[in-house]
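No lab work stands behind these numbers, since they all come straight from the coordinates. Note that the structure is a prediction, hence the values are computed from the model and not measured. As a convention, Cβ positions derive from the backbone with ideal geometry for all residues, glycine included, and neighbour counts pool all protein chains shown.
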Amino acid sequence: MRVVVIGGGIVGCSSAYYLAKRGAEVVVCERSNVGAGSTERSAGGIRAQFSTPVNVALSRASMRVWNRFEEEFDADISHRRSGYLFLARDEASADELAETVAMQNERGVQSELLTPEEAREVCPGLRADLFRAATYSPNDGFADPHLALQAFATRAREVGADIRTGVEVTGVPGDSTGIEGVETTDGPLDADFVVNAAGPWASRVAAMADLDLPISPERRQMAVIAPETPVAESVPLTIDLDTGSYFRPEREGAALVGGHFGGDTTADPNAYDRTTDLDWTVGAVEKAAEWTTYFGPESEIRRGWAGLYAVTPDHHPIIEETIPGFVNAVGFSGHGFQHAPATGQLVTELVFDGEASLVDISMLDSDRFAEGRTVDERNVA
Ligand SMILES: Cc1cc2nc3c(=O)[nH]c(=O)nc-3n(C[C@H](O)[C@H](O)[C@H](O)COP(=O)(O)OP(=O)(O)OC[C@H]3O[C@@H](n4cnc5c(N)ncnc54)[C@H](O)[C@@H]3O)c2cc1C
């Protein structure tokens with residue numbers, strides 16, 4: 001089985017690893033270098049606290065890999081389980097959190113509903129009086145995206161995948177009955193299957209196969225802040241769901257601060273500003289200062305960066321064999337880092353078995369948008 005994977009981000013490298021491990025002859029075409037896309041710009045968050053069953057299932061399947069990753073891949077990826085804490089300010093959001101926890105618990109996730117005072121016990125700098133409810137899971141956390149991606153790429157090569165950098169896919173010859181391979185800047189490659197794992201470029205790659213996928217590249221920023229009051233490493237990744245403001249501990253008391261505060265952030269993946277805007281950074285710190293006690297006026301901005309989410313209208317990915325031999329694993333919004341282990345296995349099942357069994361991905365097809373079958377993921381930042 002010859003498979004060409006388009007994209008050397010974490011989805012492409014995870015897919016290459018599981019495909020090659022199962023015996024496929026895999027070539028990864030990466031237009032730039034491994035990690036040049038969104039993966040290395042991610043916050044590295046790993047959590048099971050999603051609001052839809054399919055995202056919870058993708059998380060559960062991925063966390064089975066993340067939780068033994070360091071042994072299986074013999075790599076330190078700085079995986080820390082300090083939990084995720086979601087906060088709701090109004091009654092409607094609090095009710096949604098309660099429903100979400102019940103759904104998660106039914107699926108084996110050890111999340112719990114907390115009062116604001118209980119939430120302050122896990123996040124001591126929280127201004128509890130602003131909130132009505134919280135949910136917390138101690139098994140959530142984060143890992144270093146660079147180290148995790150390199151570990152997938154290294155292991156993929158060890159099991160036989162050929163990862164070619166500086167090779168751009170420029171065409172996907174074939175038609176709606178099947179594909180023949182890819183055209184690249186390094187010449188054509190025949191393939192039985194082509195996997196689109198092009199992250200924010202995914203709709204452009206899909207268009208090469210005459211597919212119109214609703215995936216929008218949207219710029220998101222992050223900043224590393226030295227807060228006036230250090231953030232202990234035991235503090236969870238904490239999200240104020242009603243404003244979109246979030247932060248998590250970085251090393252030595254620093255914090256990674258993020259959030260999307262509205263406005264059109266659609267960007268061209270080939271030409272967007274990868275640095276942070278000072279206005280956004282100041283605004284993000286001010287927002288975090290409004291609901292916690294960490295970010296007082298003596299806080300300092302250390303550095304920041306911008307990357308792209310590949311956003312679908314319902315914040316769920318598309319994982320399917322859309323036309324015979326052409327598999328899409330795209331549109332992960334803000335969750336593609338953590339869901340990459342499950343996705344690589346699902347892509348492998350689609351290629352070898354013609355159907356997925358690890359997770360029921362029947363609602364992750366591309367027709368759902370036109371047919372009005374979308375369900376929105378609510379726990380997004
Ligand atoms: C600020 C920020 C914070 C985030 N935080 C989190 C988080 O906490 N947790 C989480 O799970 N996710 C998070 N994400 C999302 C996560 O980073 C992405 O969902 C994930 O990295 C997507 O991986 P990917 O492999 O699909 O794409 P990418 O990493 O973007 O890789 C795609 C690759 O395809 C290559 N490519 C594109 N077109 C072609 C072509 N024609 N030929 C060859 N190669 C091509 C690109 O060069 C690129 O390297 C965050 C993202 C951002 C921007």
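Distance between Cα centroids, segment 314-377 to segment 36-100: provide it in whole Å.
The distance from the Cα centre of segment 314-377 to that of segment 36-100 comes to 18 Å.
Using a 7 Å offset from the Cα along the Cα-to-Cβ direction at both Asp277 and Val375, what is the distance between the two label points in nm, to one decimal?
3.5
Could you tell me the relative contact order of the chain? Use alpha-carbon pairs under 8 Å, at least six residues apart, and round to a whole percent.
Dividing the mean separation by the residue count of the chain yields 24 percent.
How do Arg89, Arg127 line up, fewest other C-beta atoms within 10 Å first?
Arg127, Arg89
Report the label-to-label distance for Glu180 and Asn270 in nanometres (one decimal), using points 7 Å from each Cα along the Cα→Cβ vector.
Using points 7 Å along Cα→Cβ, the separation is 2.4 nm.
Within 10 Å of each residue's Cβ, count the other Cβ atoms and sort His260, His146 from fewest upward. Don't skip to the end; give the middle numbers.
Numbers: His260 20, His146 17.
Fewest-to-most ranking of His260, His146: His146, His260.
Using only Cα atoms, find the angle between the long axis of helix 145-158 and the longest principal axis of the chain, and express it within 0 to 90 degrees, rounded to the nearest 10.
30
Relative to the longest principal axis of the C-alpha atoms of the chain, give the angle of the C-alpha long axis of helix 10-21, reported between 0 and 90° and rounded to the nearest 10°.
Orientation of helix 10-21: about 50 degrees from the principal axis.
Apply the a/c threshold of 1.5 to the C-alpha gyration tensor of segment 317-369 and tell me whether it is rounded, prolate or oblate.
oblate
How high is the relative contact order of segment 156-254, in percent, counting Cα pairs under 8 Å that sit 6 or more residues apart?
16
Starting from 0.36 nm per residue, how many nanometres of slack lie between Glu298 and Asp360 once their C-alpha separation is accounted for?
17.4 nm
For every helix of n ≥ 4 consecutive DSSP H residues, a contribution of -39,500 (n - 2.57) applies; sum these over the chain, divide by its total residues, and give [θ] at 222 nm rounded to the nearest 500 deg cm²/dmol.
-8000 deg cm²/dmol
At q = 0.11, 0.15 Å⁻¹, what is the base-10 log of I(q)/I(0) for the chain according to the Debye formula with one equal point scatterer per Cα and no solvent? Please give it to two decimals.
Reported log10 I(q)/I(0), two decimals: -0.74, -1.33.
So what is the relative contact order of segment 14-172, in percent, for Cα pairs below 8 Å that sit 6 or more residues apart?
Relative contact order comes out at 43 percent.
Given the Cα-Cα distance of Arg164 and Ala226 and 0.36 nm per residue of separation, how much length would full extension add, in nm? Present the calculation step by step, with values, prior to reporting the outcome.
On the way: separation 62, 0.36 × 62 = 22.32 nm, distance 3.88 nm.
Extending this stretch completely gives an extra 18.4 nm.
Taking the 0 to 90 degree range and rounding to the nearest ten, how far is the long axis of helix 278-291 tilted relative to the main principal axis of the chain, both from C-alpha atoms?
The angle comes out at about 50 degrees.
Taking other Cβ within 10 Å of each residue's Cβ, how do Glu71, Glu218 sort, fewest first?
By the 10 Å Cβ count, ascending, the order reads Glu71, Glu218.
Could you check the spin-label model distance between Asp353 and Ala36? Points 7 Å from the Cα along Cα→Cβ, value in nm.
Placing both labels 7 Å beyond Cα along the Cβ direction yields 3.5 nm.
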